[in-house]
Amino acid sequence: MTLIRLEHVTKVYHTGEVPVTALRGITLEIGKQAFVSFIGPSGSGKTTLLNLMGVLDKPTEGNLLINGVNISSLGRAEAATFRANTLGFVFQNFNLIPVLTVYENVEYPLLLVKHVPAEERRRRILTLLEKVGMVDQKDKYPNRISGGQKQRVAVARALVTNPQVVLADEPTANLDHATAFKVIGIMHEMQKEFGTTFIFSTHDAKIVGEAEILYTLEDGVLVNQETKNRN
Amino acid sequence: MRHLVKIAVRNLFRYKRRTLLTSSLIAFGVILVIVFGGLAISFKTQMVGILTNTALGDLQIHSKGYVESIDNLPLNLTLPGNTLAKVEQSLHQSPYVAAYSPRIKFGAMISNYAQTSNIRLSAVYPEMENKTCPGLVNRIKKDLPNPHQFIRPGEILAPDNLMKGLGLKVGDEIVLIATNKDGSVNGLTLHISAFIESVLGPAGKDGYIHIDDAKTLLRMNEPEIVEIAVHLKNFDQLNTAFNELKKEMVAPESNIEVHSWEQLSPFASIARIVDLLILVVKVILISIVLVSILNIMTMSVYERISEIGTIAAIGTRPRRILMLFLMEGFAMGLLSTTVGVVIGLGLLWLMNLAPIDFTFGMMQVSLAPSIPAREVILITTIVMLVSIFASLQPAYKASKMEPVDALGHV
């Protein structure tokens, strides 16, 4: 079943005098419960593609449909609601809110984005923190935990709203090798347990091996697709 | 909303030193307004109280044209008998009026048989005058067993500075010489009952006699009243009472004028300057709050662009991001105002422990500053509104950021 469909998607940036084409006619489909990775050198268009799939940006040409919704048709507020209901994000720099504790960071999307009753909120947060191994650290502020721990909290935050897709742009770039594997392992476990589609970009060749579907981008063009059976 | 407030407050204390400095500045402004306002309002209230309670009354009623020629103290612009009766009936029936005092005011020569000087006299019914200007007896330099009888027929309350000039003392006989409205000159001997301090300064030469003596001196069959001073039950209702009485008494065909104390005393201009100064201090406060909050919120938005991108990416709607930053500005304003109000009121309380005594003109003023609750509420409301207003632009900017640009910000 197709969850995300890209049809001849092109993205052109007009920031300077010369327009820069970041993506050229990308067409692909990603199904539900997939574990997908995009690889490619810097400037190949990975981040642009993840931004488009994350409804953070809109294609210049072509169609991008998530769950059958054409994201180009969404206004700012609608896009925000769509992201809240459908997507989760894990960022390279963790992007935890520094004034909130680990628990509150995971709670944030449920409070401000989705109004979930207190008891249900608590259950979901503790379950996820337990699964990412951070329940003991729940009262600490982000500046009191390590990079790997921060990224585990970020994974829990991304999953707390039960999104259909989690997008992670270079989620292991700021982590050491062992921690990076742990984080990817957690993401994989969550994918299996919750049936969430995980899409991440990476440079790390070893991390790439963890993906079930691997797309390679070069100069904004999709040059290769590889499907693996990790089992 | 509770969570929004929690995040806003925590964000505020993210940079403790900066927040402390900014709130101190705003709190200082609030303290300035409260202390200055307290002193200025107290000064104004005291001065107005002295003027209205010891001389002018809160309102005055005259025959048309009298106030225009008040320097000459004309005796021909009187309130005729039937008019006077109607005015008195209206004053009796008015719910705003506590007391009134009919007066005959005229100029005369005063002589101790060796020297002569001029004097302005108010001829009054002492009981009515005392009810209308209850502070008048405080200006009399004599122990009065019955303040309602502060002047009796055959006596004169002479102005302090004039008596020094003429070398008079209590009990001395003087003669008053005055011209009545028909141009006839007459004299009357009286005894000095006491001296009275002038409320208007060294130039003041105002004395009091009993209205019966004025009748004799001016050869009147009936007292020909030129002025009625009115004391209100509640001074705060001055404007309402003034408008009501004016509406009732001043008809196009009538020959009456009603004036409030502000129209009769030059101190009204000083009172207006005091109000203006308070307004200037408030404007300074508004500027401090506006610049401080605008500065801190703008810095806050620029420092947290990436964070704004994160919360927007997570799905926070633009309006909620706007609210988050407005809340921060509001919290900053609230914190600063609370501190400012507490310290400001504390300082006023301390000042009240040792009131400031000074002389204004000839008036002894004891300044025990206080500020009305409505002023404190007004100041707080101003700071709160300006805080929100100052946060509006940075908050709007934050809410309009494209998440993809904000996330990419380094």
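Some notes on this structure:
- Of all residues in region A:126-160, those satisfying the criterion of being open to solvent by 10 Å² or more (accessible area, probe 1.4 Å) and either in contact with a strand residue (DSSP E or B) (Cβ under 7 Å, 6 or more places away or on another chain) or closer than 12 Å to A:Met187 by Cβ (or both) are A:Lys131, A:Arg152.
- Members of region A:49-105 that are in contact with a helix residue (DSSP H, G or I) (Cβ under 8 Å, 6 or more places away or on another chain), among the β-branched types (Val, Ile, Thr) and within 18 Å of A:Ala168 (Cα to Cα): A:Val55, A:Ile66, A:Val90, A:Ile97
- Helices (runs of 4 or more DSSP H) fully within region A:54-170 counting 3 or more residues that are under 12 Å from B:Ile314 (Cα atoms) and under 19 Å from the mean Cα position of the chain (by Cα): A:76-86, A:102-108, A:147-159
For (1) under 24 Å from B:Ala158 (Cβ atoms); (2) open to solvent by 20 Å² or more (accessible area, probe 1.4 Å); (3) outside the structural domain of B:Tyr96 (by TED's automatic domain parsing), each residue gets a yes or a no:
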site: B:His191; (1), (2), (3): yes, yes, no
site: B:Leu217; (1), (2), (3): yes, no, no
site: B:Ala229; (1), (2), (3): yes, no, no
site: B:Asp236; (1), (2), (3): no, yes, no
site: B:Ala241; (1), (2), (3): no, no, no
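- Every residue from region B:5-18 that is in a helix (DSSP H, G or I) and within 7 Å of chain A (Cβ to nearest Cβ): B:Ile7, B:Arg10, B:Asn11
- Of all residues in region B:262-274 being open to solvent by 30 Å² or more (accessible area, probe 1.4 Å) and without any contact (Cβ under 8 Å) to a residue 40 or more places away in the chain, the one that is farthest from the chain's Cα centre (by Cα): B:Pro266
- When residues of region B:363-387 are limited to those that are β-branched (Val, Ile, Thr) and buried (at least 16 other Cβ atoms within 10 Å of the Cβ), the one farthest from the other protein chains (Cβ to nearest Cβ): B:Val365
- Any hit, region B:156-167, residues being open to solvent by 60 Å² or more (accessible area, probe 1.4 Å) and either touching a Phe, Trp or Tyr at 6+ places or on another chain (Cβ under 7 Å) or under 26 Å from B:Met128 (Cα atoms) (or both): no
- Residues of region B:124-142 that turn out to be open to solvent by 30 Å² or more (accessible area, probe 1.4 Å) and small (Gly, Ala, Ser), as a count: 0
- Filter result for B:Ile50 (in a helix (DSSP H, G or I) and either touching a residue at least 12 places away in the same chain (Cβ under 8 Å) or open to solvent by less than 20 Å² (accessible area, probe 1.4 Å) (or both)): yes
- So B:His259, is it open to solvent by less than 50 Å² (accessible area, probe 1.4 Å) and in contact with a Ser or Thr (Cβ under 8 Å, 6 or more places away or on another chain): no
- Output for region A:87-113, where each listed residue is farther than 14 Å from A:Ile145 by Cβ and more than 9 Å from chain B (Cβ to nearest Cβ): A:Val90, A:Gln92, A:Leu110
- Every test in (1) surrounded by fewer than 22 Cβ atoms within 10 Å (Cβ to Cβ); (2) within 33 Å of the chain's Cα centre (by Cα) is passed by B:Met323 save one, and that test is (2).
The values are calculated or read from the model by the stated rules, or taken from the named source; none is laboratory data. Bear in mind the structure is a predicted one, so any value in this text is a computation, not a measurement. Cβ atoms come from the backbone with ideal geometry, glycine included; neighbour counts cover every protein chain shown. Each accessible area value is taken on the protein alone, full model and side chains, heavy atoms only, with ligands, DNA and RNA left out. Shrake-Rupley method; radii C 1.70, N 1.55, O 1.52, S 1.80 Å.
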